[in-house]
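*Asks:* Please read through the structure below; I'll follow up with questions.
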Amino acid sequence: MQLYNTLSAIERAALIEEAGKERLTISFYTYAHIGNTNIFRNHLFINWNDMDVLGRIYVAHEGINAQLSVPAENFNVFKEHLDSISFLENVRLNIAIEQDNLSFLKLKVKVRHKIVADGLEDNSFDVTNKGIHVGAEKFNELIEDPDTVLVDMRNHYESEIGHFKNAVTPDVDTFRDSLDIIERDLAAHKKDKKLVMYCTGGIRCEKASAYYKHKGFEQVYQLEGGIIEYTRQVEKNNLENKFKGKNFVFDHRRGERISDDVIANCHQCGTPCDEHVNCANEACHLLFIQCKSCAEKMNNCCSDTCKEVHELPFEEQKALRKGKVVSNKIFKKGRSEVLKFKK
Ligand SMILES: [Zn+2]
Ligand SMILES: [Zn+2]
C-alpha cells in the first residue's frame, strides 16, 4: 500500500503542466477529537492520493487543518469523501479566488501535536465546545447591539491596519497573550455581555471561543470564516461593510484592502499609511509600516543603524552577521524603539 509520495516536486509539476487540467486551491479546518491520528492520517492519504489531491495537511488529536489542491473534475468525489467523515460533514471549504495550478506539488499529511501553534497548553477544556458561528449579516446586527463586546483576536500589527468598527484590539504579540488580557478586562461581564470575536480566517476564534466558554462566558459568538469569509459575503449579498482598512494576510501581499479607509500611520513620519514592509537590512527584517517617502529617505530601512549596515558591501554585511542568530526567524513584528509613530 502506498502511504507516501512517490513523485518528486519537479516530476509532479511537469505532470500537472502536461495534464493542463484545472485545479482548485482549497483550505479548511476543524477542531474535533481524533483518537488514532496515525490511522486517520493514513486514511486521508490513501483516499486523497487516489483523487490526485495535493497539499499540506496537519492532523492532531485536537483536529485537522488542511490546505489542498484538488483537480476540479474530482471535486465532487472529494467532497463526498469529506462528508463521509462525521466531523468533516459540511465543513466550510475556502476556495481560493485566484487559482494557481501549481500551488502544491506533493501530498503531505503530517501528524502534529497541534493544528495551529497557539501557545495554549491548557488541555482541561473541550475545544469542540465552540461559540455560536455567525455569518456577515447576523454579525453586522450583533456588533451594533449595546450589550455586545466585540474583540479582535489578532495581534497588534494585524489590527493596526484594519479592524471592525467598535472593536477592542488588544496590543499583543501573540494569541496566547490576548486570551489572558481579554479575560481579565471582561471578567465582570461573563454573564451580561455578548462576547463577539473575529480573526482572519476563523481558526483562532474556534479555539478562543471554546476557551472563553470554559472560563465562564455565557454568550460567546464568533465570525464564521473570519474577515475573509465576511468580505466575500458582504460583496455577494450586498451588505454594509463594517470593516475599516486592510486585512493583514500572511503571504507576500501582506494585506488585502477591504475599505478605502487608511487607519494606520507611517511609523517613521506619522503620515497616514497602511503599507507593511520588512526592513531591508537582512539582519533586522523588522516588519513595520513605512510610507513611500520614508522608504526613499531611509533606503527601505527601519533605522539609521540598519541603513548604515544595509549600505555596506554584501561581504561586509555577511561578516557582521556571522555568529549572530538569524533575526528574521525570530518573532519580530512592528516593535522597535526607533519607530516613533508606532501607536
Ligand atoms: Zn513616512
Ligand atoms: Zn531594521
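*Asks:* Per the 1.4 Å probe, what fraction of the accessible area of segment 136-209, in percent, lies on carbon and sulfur atoms?
*Replies:* Values: 1300 of 2710 Å².
The nonpolar share, carbon plus sulfur, comes to 48 percent.
*Asks:* Calculate one ³J(HN,Hα) per residue across segment 126-142 by plugging θ = phi - 60° into the Karplus curve 6.51 cos²θ - 1.76 cosθ + 1.60, and present them in order as whole Hz with x for glycine and proline.
*Replies:* Once θ is set to phi - 60°, the couplings for segment 126-142 become 8, 5, 8, 8, 8, x, 7, 7, 10, x, 4, 5, 5, 4, 4, 5, 4 Hz.
*Asks:* While we're here: Suppose accessible area is computed on protein heavy atoms with a 1.4 Å probe; arrange ILE263, ILE10, ILE228 from highest to lowest.
*Replies:* Values: ILE263 50, ILE10 140, ILE228 80 Å².
Of ILE263, ILE10, ILE228, the descending order of accessible area is ILE10, ILE228, ILE263.
*Asks:* Give a quick list of GluC sites (Glu not before Pro) in segment 143-179 that DSSP marks as loop, anything other than H, G, I, E or B, with at most 16 other Cβ atoms within 10 Å. Mind showing how you got there, number by number?
*Replies:* Working: sites: GLU144, GLU158, GLU160; in loops: GLU144, GLU160.
Taking segment 143-179 and a limit of 16 other Cβ atoms within 10 Å, the loop GluC sites (Glu not before Pro) found are GLU144.
*Asks:* What shape does the chain take by its C-alpha gyration tensor, where a ≥ b ≥ c are the square roots of the eigenvalues and a/c under 1.5 counts as rounded, a/b above b/c as prolate, and the rest as oblate? Working shown, then result.
*Replies:* Working: a/c = 1.69, a/b = 1.13, b/c = 1.49.
Since a/c reaches 1.5 but b/c is at least a/b, the shape of the chain is classed as oblate.
*Asks:* Then there's this: Restricting to the chain, what percent of DSSP beta bridges are antiparallel, rounded to 5? Please report the intermediate quantities before stating the final value.
*Replies:* Details: 28 of 47 bridges.
Given both bridge residues lie in the chain, the antiparallel proportion sits at roughly 60 percent.
*Asks:* So, in segment 132-232, how many Lys pairs have Cα atoms under 19 Å apart, if the pair is 8 or more places apart or on different chains?
*Replies:* The result is 16.
*Asks:* For LYS342, give me every one of the lysines with a C-alpha distance below 16 angstrom, ignoring sequence neighbours fewer than eight places off in its own chain.
*Replies:* Here the lysines satisfying the reach criterion relative to LYS342 are LYS332, LYS333.
*Asks:* Could you look at segment 276-332 and say what percent of its accessible area is carbon and sulfur, using a 1.4 Å probe and all protein chains?
*Replies:* Details: 2020 of 3600 Å².
For segment 276-332, the apolar C and S fraction of the accessible surface comes to 56 percent.
*Asks:* GNM on the chain, C-alpha springs below 10 Å: top fluctuator among ARG253, ARG23, ARG41?
*Replies:* Largest GNM mean-square fluctuation: ARG253.
*Asks:* Under 1.5 on a/c is rounded, so check that first for segment 276-332, then, if it is not, pick prolate when a/b is larger than b/c and oblate when it is not; a ≥ b ≥ c are the square roots of the alpha carbon gyration tensor eigenvalues.
*Replies:* It comes out oblate by the Cα gyration axes.
*Asks:* Decide, for segment 132-232, between rounded, prolate and oblate: order the square roots of the alpha carbon gyration tensor eigenvalues as a ≥ b ≥ c, take rounded if a/c falls under 1.5, and otherwise choose prolate if a/b is larger than b/c, else oblate.
*Replies:* On the way: a/c = 1.44, a/b = 1.09, b/c = 1.32.
Rounded, since a/c falls under 1.5.
*Asks:* Using helices alone, what [θ] at 222 nm do you get for the chain, with -39,500 (n - 2.57) per DSSP H run of 4 or more residues, divided over all residues and rounded to the nearest 500? Kindly include the intermediate steps, with their values, before the conclusion.
*Replies:* Numbers: 11 runs with 101 residues, N = 343.
Taking each H run of at least 4 residues, the total per residue is -8500 deg cm²/dmol.
*Asks:* How much accessible area per residue does the chain have, counting only protein heavy atoms and a probe of 1.4 Å, in square angstrom?
*Replies:* Values: 17550 Å² over 343 residues.
Per residue, the chain has 51 Å² of solvent-accessible surface.
*Asks:* I would also like to ask the following. What does the charge count around CYS291 come to, taking other residues whose C-beta lies under 14 Å from its C-beta (Lys +1, Arg +1, Asp -1, Glu -1)? The partial results should precede the final answer.
*Replies:* Numbers: positive: LYS292, LYS297, LYS340, LYS342; negative: ASP274, GLU275, GLU296.
Here the count lands on +1.
*Asks:* How charged is the neighbourhood of LYS246? Take every other residue with its Cβ under 11 Å from the Cβ of LYS246, and add Lys/Arg as +1 and Asp/Glu as -1.
*Replies:* Once all neighbours under 11 Å are counted, the net charge is -3.
*Asks:* Check LYS194: other-chain or 5+ apart residues with amide H under 5 Å from its amide H, H built from backbone geometry?
*Replies:* Hits under the 5 Å cutoff: THR148, VAL149.
*Asks:* Rounded to the nearest Å, what's the spacing between the alpha carbon centres of segment 23-60 and segment 128-160? Just the number, please.
*Replies:* For segment 23-60 versus segment 128-160, the Cα centre distance is 29 Å.
The values are calculated or read from the model by the stated rules, or taken from the named source; none is laboratory data. Note that the coordinates shown come from a computational prediction; the quantities given were computed from them, not determined experimentally. Cβ atoms come from the backbone with ideal geometry, glycine included; neighbour counts cover every protein chain shown. Quick note on the areas: whole protein, heavy atoms, side chains included, nothing else; ligands and nucleic acids left out. Shrake-Rupley method; radii C 1.70, N 1.55, O 1.52, S 1.80 Å.
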